[in-house]
1. Report, to the nearest 10°, how far helix 18-28 tilts away from the longest principal axis of the Cα atoms in the chain, using its own Cα long axis and a range of 0 to 90°.
2. Over region 200-321, average the accessible area per residue using a 1.4 Å probe and give it in Å², no decimals.
3. What do you get for chymotrypsin sites (Phe, Trp or Tyr not before Pro) in region 97-182 restricted to DSSP loop and a cutoff of at most 16 other Cβ within 10 Å of the site's Cβ?
4. Using a simple spin-label model with points 7 Å from Cα along the Cα→Cβ vector, what separation in nm is obtained for residue 275 and residue 78?
5. Straight distance only, please: which lysines reach the Cα of residue 135 with their own Cα at less than 20 Å, same-chain residues fewer than 8 apart left out?
6. Tell me the Rg and the Dmax, in Å, that the Cα atoms of region 91-205 produce.
7. Give the calculated FRET efficiency between residue 164 and residue 190 to the nearest 0.05, with a Förster radius of 30 Å applied to their Cβ-Cβ distance.
8. Can you tell which of 163, 280, 125 shows the greatest fluctuation in a Gaussian network model of the chain with Cα springs below 10 Å?
Amino acid sequence: MRLAFLVNDVDTEVDEYTTTRLARAAARRGHETWYVGVGDLEFGSNDGLFAARARAARWKRDDTLASFMEGIKERDAERIVIDDLDALVLRNESIDDLQERPWASPMGVVFGQMIAARGVTVVNDPDTLHRATSKLYLEEFPEKVRPRSLVTRSPEAIQQFVDEVGHCVVKPLYGAKGRNVFMIEGPDETNLAQMTEAVLQDGYAIIQEFIDGAKDGDARIFLLEGRILERDGKPAAFRRVPTGNDPRANISTGGRSVPLELGEAELGIIEAMGDKLVADGMFLVGIDVIGSKVVEINPESPGGFQSVERLYDIDIAETVIDALERRASRGS
């Protein structure tokens, strides 16, 4: 199989990333594996093909993740023809580019759509990914699996929602890694105006009812083709526990990961979401769960494989590459 991972910028990739683990699993199997940055694609040359300045991801027996990634970055870029790939894995975070490189933010989806139309297997499906990068995507799923919420740019509407619902969480509609996520205790929250102003700087806000149990963190669960991702009977799921008084459990904000045993609530959520995720072409996603509710779907570049690997001593990237091989062989 010939495959490439599309990332924001090859030079800023980190060895501990989930993408690195996926590329390692592919390269270890002998697949021809490449890294391509959003700014490395070319279209419209004399041959009429999609091309890219790509760097080879080659695995050596004595490689660590660090040396594997170092080798990728040290190699000279080579011109490859994207049309000749069996699979393209979209792993760029559009949110990360939104401020500093706004031109780059939409290009993963745009190029992904064009490349898929040429017969290359592209995951996640770029047509759905275009809308799934927004937290609005969660609203397409059954009410029983999601909290009551409101999307708005009106401070007055946010105040009214707080007056009606009470304890809430407000955050940017397009956001990641815990940026500008605020807890609102209730209608008498003295800092509501400042919180609202900070969130609205990033565009639309989404305000959600507070779910009981949130103080204990959330669960990150990986779904592959609409089902729980697992290896050797162990599920790719863990609980993220906040530290100190910070209500955000994101690992990037200092949260820590602990093992998670899936219960009826989590299994019910997966059952309720699975068929739609498959129909939408969402090959690999991470969902964040509190209690019996999904508070966020992560479809672009869900991370956390390192936590699963550390907690359960399994390489779930192998399972993902198994599924990608099957999908590419079907040509879909």
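The values are calculated or read from the model by the stated rules, or taken from the named source; none is laboratory data. The model shown is predicted, which means the values in this text are computed figures rather than measured ones. Note that we place each Cβ from the backbone using ideal geometry, even for glycine, and neighbour counts take in every protein chain shown. Note: accessible area is taken over every heavy atom of the protein model, side chains too, but ligands, DNA and RNA are not part of it. Shrake-Rupley method; radii C 1.70, N 1.55, O 1.52, S 1.80 Å.
1. That helix lies at roughly 30 degrees to the long axis.
2. Per residue, region 200-321 has 40 Å² of solvent-accessible surface.
3. Counting only loop positions with at most 16 other Cβ atoms within 10 Å, the chymotrypsin sites (Phe, Trp or Tyr not before Pro) in region 97-182 are 103.
4. 4.6
5. Partners within reach: 144, 171, 177, 276, 293.
6. 16.8, 56
7. Rounded to the nearest 0.05, the efficiency is 0.95.
8. The residue that fluctuates most here is 163.
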